[in-house]
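The values are calculated or read from the model by the stated rules, or taken from the named source; none is laboratory data. In this text, all values refer to a predicted model and were calculated from it rather than measured experimentally. Every residue, glycine as well, gets a Cβ built from its backbone with ideal geometry; the counts of neighbours run over all protein chains shown. Ligands, DNA and RNA are excluded from the accessible area calculation, which covers all protein heavy atoms including side chains. Shrake-Rupley method; radii C 1.70, N 1.55, O 1.52, S 1.80 Å.
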Amino acid sequence: MDKAVIWDTLSVDARTHLVDIQVFGQIDSTNLESLRQVKSGKRGTRLIVAEAQSDGRGRLGRSWMSPAGGGIYLSLIRSFGKDNKPIQSLSLVSAISVLKVVEALGGNSLQLKWPNDLLFQGQKLAGVLLELHVGIAANDLVFGIGLNLSLSDEDKSFIDRPITDLRSILGQRPDDSIVVAKIVNVLIENILIFENQGFRPFSEIWNSYDCHINQDIVIQVGNTRKVGKSLGVDETGGLILQMEDHRELVTGGEIFSSLGKI
Ligand code: BTN
C-alpha cells in the first residue's frame, strides 16, 4: 500500500475534506483504531487503512478475515451533527459506493444485499461495518469497509458462506492503493449528498441492485424471525416487508432467502 499513490488518486473534493491519512502494515482493526482515535479527541474526516488486520470485525459480532494482500481494509471517520438523519442508512450508501467503484473497474453482475453486502453471483465480495461514537456536540461515525481482493482457497474455506474476490471477477488483481482512493472518492461524494438530501437520492439505485427485491425472504431481527416479501427500501433506507396482512418497515436485521416453513 502506498500513501503517495492514494493521495495522487484522490479527487479534489476528497483531498479538501480529508485531514489525515494513516496506513498501517498490520493492526488489530481499522475500526477499533478509529474509535480509539476519536475517543482520544482527534477530530475531522480521516482515513485509516491497513494491509492486514489481526482482529478484523464484521457485523453481528462476526470476525472479518483480513490476511495481508487478501483485501482492502479501510475506515473513514466523519463527524455528524445530532440531527434526525437516519444514519444507519449510510451503511447502504457505503455499499452502493463500493459497488460503483467495482463497476468502474470493469466488474458487472453485481448485487446488493440489505443492509450492507456487495455480492457477485451470490458470493460476498465486500461488507460494511458502521460504528458510532456518541459525543457531546457531535457523533463520529466510522465507516469500516472490507473488500476482498485476492483470497487463497484456504482462506475462503474458513468462511461459512460463499465468497469471492476482485481478482476472480476482473481476471487480475488491481492496485490496492488505487482502489482505496477510488472508494474514498465515491464514498465522500455520496456522504456529502447524504448530508444535504438524506437517503432519498439513493433508494432507487439501491432497489435496482437489490438481490432480494420482490422475493420471499426471512429476516432475523434480534431473536425474532419475520417472513414476507421484500419490496425493497424506502426513502429512509428501511426495508419494506410485505407480510400476510400488513406491511412493516424493518430498520435492522439479517435476511435469509425464504426457507418456506420455518
Ligand atoms: C460485514 O460483516 O460484512 C462487515 C465487514 C467489515 C470489515 C471491515 S475491514 C475494515 C474495517 N475494520 C474492521 O475491523 N472491520 C471493517
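Taking amide H positions as modeled 1.01 Å from N, with prolines and chain starts lacking one, the residues under 5 Å from Lys124 and 5 or more places away or on another chain are Ile163, Thr164. Based on Cα contacts under 8 Å between residues 6+ apart, the stretch 212-261 shows a relative contact order of 37 percent. Taking label positions 7 Å along the Cα-Cβ direction at both Gln215 and Asn139, the computed distance is 3.1 nm, reported to one decimal. Here the gap between Lys42 and Asp28, fully extended at 0.36 nm per residue and compared with their Cα-Cα distance, gives a gain of 3.1 nm.
Could you give the angle, 0 to 90 degrees to the nearest 10, between helix 30-39's Cα long axis and the longest principal axis of the Cα atoms of the chain? Orientation of helix 30-39: about 70 degrees from the principal axis. Net length available on complete extension from Gln121 to Ser54 is 21.3 nm, with 0.36 nm assigned per residue and the Cα-Cα distance removed.
Give me the distance in nm between label points sitting 7 Å out from Cα along the Cα-to-Cβ direction at Ser208 and Ser63, one decimal. Output for this residue pair reads 4.0 nm. Pairs exceeding 19 Å between alpha-carbon atoms, taken from Lys124/Lys226; Lys100/Lys124; Lys42/Lys100; Lys82/Lys182; Lys124/Lys229: Lys124/Lys226; Lys42/Lys100; Lys82/Lys182; Lys124/Lys229.
With the dipole of the stretch 3-208 worked out from charges on the C-beta (+1 for Lys and Arg, -1 for Asp and Glu) around the Cα centre, which of Ser208, Gly198, Ser34 lies farthest toward the positive end? Value: Gly198.
Heavy-atom accessible area with a 1.4 Å probe sorts Ile169, Ile255, largest first, into Ile169, Ile255.
From its DSSP helices (H runs of at least four residues, each -39,500 (n - 2.57)), the chain gives a residue-normalised ellipticity at 222 nm of -9000 deg cm²/dmol. Let me know the whole percent of all Cα-Cα pairs from the chain that are separated by more than 32 Å. For the chain, the fraction of Cα-Cα distances above 32 Å is 19 percent. Inter-part distance, the stretch 6-44 to the stretch 47-74, computed on C-alpha centroids, equals 15 Å. Here's how it looks for Gly71: its modeled amide H is under 5 Å from those of Leu149, Ser150, which are all 5 or more places away or on a different chain.
The length gained on full extension between Gln242 and Ile159, counted as 0.36 nm times the residue separation minus their Cα-Cα distance, comes to 26.7 nm. Taken along its three principal axes, the alpha carbon spread of the stretch 120-262 comes to 51, 44, 29 Å, from the longest extent down to the shortest. Take Val12: with every protein chain present and a 1.4 Å probe, its accessible area is about 120 Å².
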